[in-house]
Amino acid sequence: MRTVTTFNSGWIFHPAFSSDLIASLGTGAPVRLPHNAVDLELNYFDENSFQKAFAYQKVLAWDSAFQGKEVVLVFDGAMADSVVWINGKEAGSHRDGYTPFVIRLNDYLEPGDNLITVKVDGTENPEIPPFGGQIDYLTYAGIYRDVWLKVTDPVSIGQVKVETGNEMSDAKAVSVACQFNNPCGHPVVGTLLVELCSTDGLVLNQKQIDVSAESAQIKLENLAGLDLWQLDAPRLYRLKLTLMTAHGRDELAIRFGFRTASFTVEGFFLNGKKLKIRGLNRHQSFPYVGYAMGRRAQEKDAEILKNTLKCNLVRTSHYPQSSYFLDKCDELGLLVFEEIPGWQHIGGDVWKQESISNVRRMIERDWNHPSIILWGVRINESPDSHDFYAETNRVARELDSTRQTAGVRCHENSEFLEDVFTMNDFNHSASPEFLSGREPAVLRDQHTVTGNALALPYMVTEFNGHMFPTKRTDPEVRQSEHVTRYLEVLDKAYSDAKISGSIGWCMADYNTHRDFGAGDRICHHGVLDIFREPKFAAYVYASQCEPSEDVVLKPVTFWARGEKDRCEALPMIVLTNCDYVEFQFGDFPSKRIEPDRVTYPHLPHPPVIVDSRFVDMAELGAWGMRWQDGRITGFVDGKAVSEIHFSGNAIATSLQLQSDDVELYAGEKDSTRFIVRALDQLGNVLPVFDDVLTIKVDGPARLLGPDAIAFKAGIGGFWIETTGEKGELVVTVSTRRLGQQRLSLRAK
Ligand code: GAL
């Protein structure tokens, strides 16, 4: 039997590696994993601070349970170049910050204490992808994902690939390719039992075979009564494998789903049905602690994409992301386009070999996720490189014949070696007069892009981003334009049946190098800010869902006469999936306004545009007149289903404190997010409120980031993280004007 236990606690961290640490335990700071080698300020920090070598040490006491077993450490992710020594001897190394690696301890373990030293070098080493050129993101150093201690019998189940067949019929099939882990080369004689189970453990089908080699294949066929993995009902199954040999009994369960996914010249099809992809790109970074966020924060991002932003796909730009994130995508029904690490630059031969290995590592780690529908096997936005990309494609196809490949580029007429032509189409460039005389040059014709007269399977993998960076704190005019650009691109993508869909740049603002962003080391390119708090543009996405799922009504306004130029409060975009809205200013009669299906004929839910076509501008008055309340009511099937009431006299009135969770786990480095909002007397966020907020955490948790921050556009955000003990956690936020709010959570 195998045991797999977390190996995250009890590490000693050294802010600088020295060769003395290879064989002797030094004095350092006790830490738990996931760990960020250098915590950063929110902005204006020194991005070189983590570009050096660090060391982690841990003592592993010999355990009689290791006797006669295979003992390995599994590192889920360490950035960027890792070397592991056991008792002073090098036991393994890994030169990729995004994929897991296994260190076999057997040859090094001794009775008594065993010293494990890990050197993690965060330098942007030009031999390792994505490094060698500039990159528009940060690759925070450290052992930033979990580490596991795995003890198995000398012969155990190794890599498992699950492939489904006849998915659309009631005689589904599933085949399992299983490799055995047998480093000592024992004779393998025994049986392998495969049980198909529901996720709650009910055995639905099974088969047993004799095994006598280093690997085995089993196929279960004619499987009736099974459900497909669908976006609104992502049914998952488990394949439980039991290996019995003279060397013991090993069990392993793999989760998978039945679905078909194909990009065609007519668009994308999931389970035979056409689906327009509406996605966002995601970086896996967080303020202050970079990549070192555990399971809950990873899962939360998937939930935000699916449940708040109503996306149907995420691109893991530009590298393989946390397995927790991908697991959650499987559970939620959120499609994934996963790609190898890289950004524009292609290095030398050693670099390319590492990149080809990354294709293998990514696919072998993730091939059982039903959510993943496409492998990105090209360095994002890199030039053509025939031999290199012929090889990445070959490796991907050899490893996984069930998924198509793609390669994201940004230049026209590039060589097409993949199955799906994926293009970052930033054609919609900024113009200084963005509100008038606009040129709706939105998305290029695919033939212009591909240079191919024939239609290809085609998808737009980035747009907007650096063409129109927009902060959540930006003025209403700029945010309205930001929103308009998203509306225009999505409408265009919906208009063209041959475009499989579009993936906006990007989900959330992210820390980056000085060469990018607003000079503050942040690219303000998200539809969410860096704390995952929505900008108005987030509601372009959210409002495309059906009102039966969620009613969305979001007027893009600060509700103030003097916010916009010439003191004109209109036009105002209302992002909504309601059938129509009623708009009322002060005591004037309300006006019924329909979604603008003329400007946005293709969107599932075009916005309502409130302007002089519907409202007599004289009603709203001019500079020098009284400003009044506003009321916007959304109707579905003739019924008022949502209403927003704006005050014409907003007063800072109350403080709202919300956390994503009320219970955290003490036993792992668990974190949750808090959002603080300054509200007016009607409960609306005050859009330019910027007072100071202090944060206090009592109990077994620590605050990530500083304990005094300024509200940004009426909102402040932070995370707290458990420190190991169980108990009550009390978070208190205080302001000078709006008093205090307190929330009590449990670490269990
Ligand atoms: C793209 C790139 C992204 C990001 C984006 C900003 O060129 O692929 O990583 O930098 O630009 O708009």
*Could you rank the peptides 339-349, 210-220, 227-237 by their average count of other C-beta atoms within 10 Å per residue, with the highest value first?*
339-349, 227-237, 210-220
_Can you give the log10 of the normalised intensity I(q)/I(0) at q = 0.15 Å⁻¹, computed with Debye over equal Cα scatterers of the stretch 585-654?_
-0.65
*What does the stretch 364-433 give for Rg and for Dmax, in Å, if only its C-alpha atoms count?*
14.4, 51
*Using only the alpha-carbon atoms of the stretch 124-194, report the extent along each of the three principal axes, biggest first, to the nearest angstrom.*
50, 41, 22
*Ordered by residue, what ³J(HN,Hα) values in Hz, to whole numbers, does the stretch 170-183 give under the Karplus form 6.51 cos²θ - 1.76 cosθ + 1.60, where θ = phi - 60° and Gly and Pro are x?*
8, 10, 5, 9, 9, 10, 10, 10, 10, 9, 9, 9, 8, x
*Over the chain, what is the relative contact order in whole percent, taking alpha-carbon pairs under 8 Å and six or more residues apart?*
9
*asked:* If you average 1/r across every pair of different Cα atoms in the stretch 435-537 and take the reciprocal, what Kirkwood value do you get, in Å?
replied: 14.8
_Would you calculate the convex hull of the Cα atoms in the stretch 497-544 and tell me its volume per residue in Å³?_
88
*Cα pair count fraction exceeding 17 Å, expressed as % - the stretch 74-161*: 55
*Helix 323-332 versus the longest principal axis of the chain: what angle, 0 to 90°, nearest 10, using Cα atoms?*
60
*Taking a label point 7 Å from the Cα of V102 along the Cα→Cβ vector, which residues of the stretch 211-253 have an amide N closer than 20 Å to it?*
211-218, 239-253
_Just to check, using Stokes-Einstein with a Kirkwood Rh over alpha carbon pairs, what's the diffusion coefficient of the stretch 621-667 at 10 °C and 1.306 mPa s in µm²/s?_
104
*Calculated over the chain: convex hull of Cα atoms, volume per residue (Å³)*: 166
*FRET efficiency, D616 to A518 (Cβ-Cβ, R0 45 Å, nearest 0.05)*: 0.70
*Global form of the stretch 315-434, assessed from the alpha-carbon gyration tensor, a/c cut-off 1.5*: oblate
*Given the convex hull over the Cα atoms of the stretch 538-648, what projected area results after averaging over all orientations, in nm²?*
6.9
*In the stretch 351-403, how does Rg compare with the Kirkwood Rh, expressed as the Rg/Rh ratio over alpha carbon atoms?*
0.96
*asked:* Sort 709-722, 637-650, 279-292 by the packing proxy (mean of other Cβ within 10 Å over each peptide's residues), most packed first.
replied: 279-292, 709-722, 637-650
*Counting only residues 5 or more places away or on other chains, whose amide H sits under 5 Å from the amide H of D81 once H atoms are built in the peptide plane?*
D121
*asked:* Contact order normalised by length for the stretch 203-330, with contacts defined as Cα pairs under 8 Å and 6 or more residues apart; what percent is it?
replied: 17
_Highest to lowest packing among 111-118, 371-378, 584-591, 136-143, scored as the average C-beta count within 10 Å_ = 371-378, 136-143, 111-118, 584-591
*Taking the Cα centre of the stretch 543-677 as the origin and placing charges on Cβ (Lys, Arg +1; Asp, Glu -1), which of H602, M617, I651 is farthest toward the positive end of the dipole?*
M617
_Based on C-alpha coordinates, I'd like the Rg and Dmax of the stretch 560-619, in Å._
12.2, 35
*Per residue, how much space in cubic angstrom lies within the convex hull of the C-alpha atoms of the stretch 200-345?*
206
*Suppose R0 equals 45 Å; then what is the FRET efficiency for V74 and D445 from their Cβ-Cβ distance, rounded to the nearest 0.05?*
0.40
*Using alpha carbon centroids, what distance separates the stretch 172-245 and the stretch 84-129, in Å?*
32
*DSSP-loop trypsin sites (Lys or Arg not before Pro) across the stretch 487-570, with at most 15 other Cβ within 10 angstrom*: K498, R514
*the chain: angle of helix 386-399 to the longest principal axis, Cα-based, in degrees nearest 10*: 70
*asked:* How high is the relative contact order of the stretch 409-553? Use alpha-carbon pairs under 8 Å, at least six apart in sequence, and give a whole percent.
replied: 21
*Working from Cα positions, state the angle (0 to 90°, nearest 10) between the long axis of helix 349-366 and the longest principal axis of the chain.*
90
_Given the options Q51, A640, Y324, identify the residue whose Cα lies farthest towards the positive end of the charge dipole of the chain (+1 on Cβ of Lys, Arg; -1 on Cβ of Asp, Glu)._
A640
*asked:* What does the C-alpha gyration tensor say about the overall shape of the stretch 22-66? Classify as rounded when a/c is under 1.5, otherwise prolate if a/b is larger than b/c, or oblate.
replied: prolate
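Coordinate-derived values only; no laboratory data. Treat the numbers as computed from the prediction; the structure is a model and nothing was measured. Glycine also receives a Cβ, built like all others from the backbone with ideal geometry; neighbour counts cover every protein chain displayed.
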